[in-house]
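Every number here is computed from the coordinates shown, using simple stated rules; none is lab data. Remember, it's a predicted structure, so these values are computed and weren't measured experimentally. FYI the Cβ positions are ideal-geometry reconstructions off the backbone, even for glycines, and counts take in every protein chain you see.
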Amino acid sequence: MKTLTADICIVAAGPSGLAAAVTAAENGLSAIVLEKNSMVGGTANMGMGPFGVGSRIQKNSMITLTKEEVFHQMMEYTHWRIDPRKLREYIWKSGSTIDWLEDMGVQFAGVAKYFPSAAPTWHVVIPEGGGKPGPRAAGAMNKVLYENALELGVQFLLNTPATSLIKEGDRVVGARARSTETGEEIEVRSKAVIVATGGFGDNPEMIRQECGYEWGKDIFNVRSPGVTGDGIRMVWEVGGAHGETHMEKIIWSEIPNCLLLDGFRQPTALVVNIEGERVMDETMIENASVTANIIDRQINKRIYPIVDNRLMRYYRRHGVDYPGGVHSGNPADDFEEGMADLIEQYPDFAFCADTVEELAEKIGIDPAALADTLEQYNAACDAHVDDQFCKSHHYLRPLRGKLYAVALCLGAYGSLGGIQVNYKFQVLKEDKKPIPGLYASGSDTCDIYGDTYLFPLPGNTMGYAVNSGRLAAERAADYIASLH
């Protein structure tokens, strides 16, 4: 077995581990990072940018949202079930972290919202090589963090997953790992360890055990390779307390992410379930996590938003009510042609029909039930009053043209939680006392939304990952200094 030594050992090189590595080096610590995969960045390579409040970019854009406002919004959203000191540490750090990333070389396109009623907290990264931001843009941020960590002397062992933590007495003093390339066993001896392994989104069995979903049937979450709950398991093995676990639920479609789907995520759609019943005030469909909760309640964990060609003609002329935060362009442009292609490629998830009865049969809904629902809905639109779910009359537009629908499923960005930490990001035992030398950050510890991701404050999961990595490294540096 090869033995290496460092001041700090960081388990995994996602955005949280990368931020921790740079921060540790900035504090004069030697650091070794153990990474399971052949590349760094983790799930954040699929994202677009982190949350922040009080950044230079926001100030220059005359955005006046305050840390205090965000703090109260998040605490009220979770009914004060989360640790307010930890949340405060994160929020108060977040603006300076955006500045820190920018000074390091990360380029941001600006600050954005997920949807019209959300707050402008999403600092969207410009992709490597330039161009319009979109999915995977944050890979450029991870690359900058990685390159800066290397320049500061951080040692990365890629293709080298940690297998266990080393505990002597009551202290954690390192980690064991094994190279998947050579099979060599490695022991990293350190004064502190930060676990930042990103959750268990790539572990269907753990998803079933911890959250009760069958992957591929009940839920279709992002499966970032290697994110299998290793860090959570290792922490539990050395006495870390079992924290709350949730899936970070969102709307999902088996149709690949495309602009056309934004045409169905409009407040003027009629949203029904497999029983042909309307299930929501459709203005809520802008909020992907709240809509995911609605999907979760359905028999087959599906909903079916319905629009018609008359509505799409209106949107071509006037633009959509809810512009997408990920795609640019008008989804109503070339809508009919695009739907024809989707129906051919995904006949179980995209549908069109000239009559409501025909549409119901294609989806698998009882035709009489769907016809009755559409009749009642159109009557409400004609009366400009929605007595069922109180949708604003601004979005009550009857559907009497050629009908289109898609199936939307329950998805998730990944998992949340599993490891209990305090506001210093020290791992806690069941008695709420910290395990000396052991810290954790990122999605393994993320419980700041309660059970539902807070979409009105966008960028939070990536923001929490980066900021908790920084905060954990700073606290670990204080701990290491206290040992001398």
Peptides 213-226, 389-402: what's the order by average Cβ count within 10 Å, highest mean first?
213-226, 389-402
Would you kindly compute the Cα radius of gyration of the range 113-177 and its largest Cα-Cα separation (Dmax), both in Å?
18.7, 53
So what's the back-of-envelope 222 nm ellipticity for the chain, counting only DSSP H runs of four-plus at -39500 (n - 2.57) apiece and dividing by all residues, rounded to 500?
-10000 deg cm²/dmol
Binning every alpha carbon pair distance of the range 1-73 at 5 Å from zero, what are the percents per bin?
3, 13, 16, 14, 15, 15, 11, 8, 2, 2, 1, 0
So what's the net charge close to Val421: Lys and Arg +1, Asp and Glu -1, counting the other residues with Cβ under 13 Å from its Cβ?
+2
Computed over the range 1-149, the distribution of all Cα-Cα distances in 10 Å bins, rounded to whole %, is 11, 35, 35, 17, 3, 0
Within a Cβ distance under 14 Å of Pro204, other residues only, what is the Lys/Arg minus Asp/Glu net charge?
-2
In Å, the Kirkwood hydrodynamic radius of the range 254-406 over pairs of distinct alpha carbons?
15.5 Å
For a bin width of 10 Å, list the pair-distance distribution of the range 208-314 built from all Cα-Cα distances, rounded to whole %.
12, 37, 28, 15, 7, 1, 0
Might you report the magnitude of the Cβ-based charge dipole of the chain about its Cα centre, with Lys and Arg at +1 and Asp and Glu at -1, to the nearest 20 debye?
1460 debye
Per the Kirkwood definition applied to all pairs of different Cα atoms, how many angstroms is the hydrodynamic radius of the chain?
23.5 Å
Using a cut-off of 11 Å between beta-carbons, work out the net charge of the residues near Ile285 (Lys and Arg +1, Asp and Glu -1, Ile285 not included).
-3
Take the cross-link list Lys67/Lys191; Lys113/Lys429; Lys2/Lys249; Lys93/Lys191; Lys67/Lys132 and give me the ones stretching past 31 Å between alpha-carbons.
Lys67/Lys191; Lys113/Lys429; Lys2/Lys249
With Cα coordinates, the longest principal axis of the chain makes an angle with the long axis of helix 460-482, in degrees rounded to 10, of 10 degrees
Where q = 0.11, 0.12, 0.17, 0.20 Å⁻¹, what log10 of I(q)/I(0) comes from the Debye formula for the range 321-441, counting one point per Cα?
-0.63, -0.68, -1.02, -1.30
Take the Cα coordinates of the range 138-258, assign each an equal point scatterer, and use the Debye formula without solvent to give log10 I(q)/I(0) at q = 0.15, 0.17, 0.20 Å⁻¹.
-0.90, -1.08, -1.25
DSSP bridge orientation in the chain - percent antiparallel, rounded to nearest 5:
65 percent
Taking R0 as 45 Å, what FRET efficiency do you get between Ser164 and Lys59 from their Cβ-Cβ distance, rounded to the nearest 0.05?
0.50
Out of Leu416, Gly174, Thr268 - ranked by how far each Cα lies towards the positive end of the dipole of the chain, with unit charges on the beta-carbon of charged residues - the top one is Gly174
Extent along principal axes [Cα atoms of the range 373-484; Å; largest to smallest]:
76, 26, 22
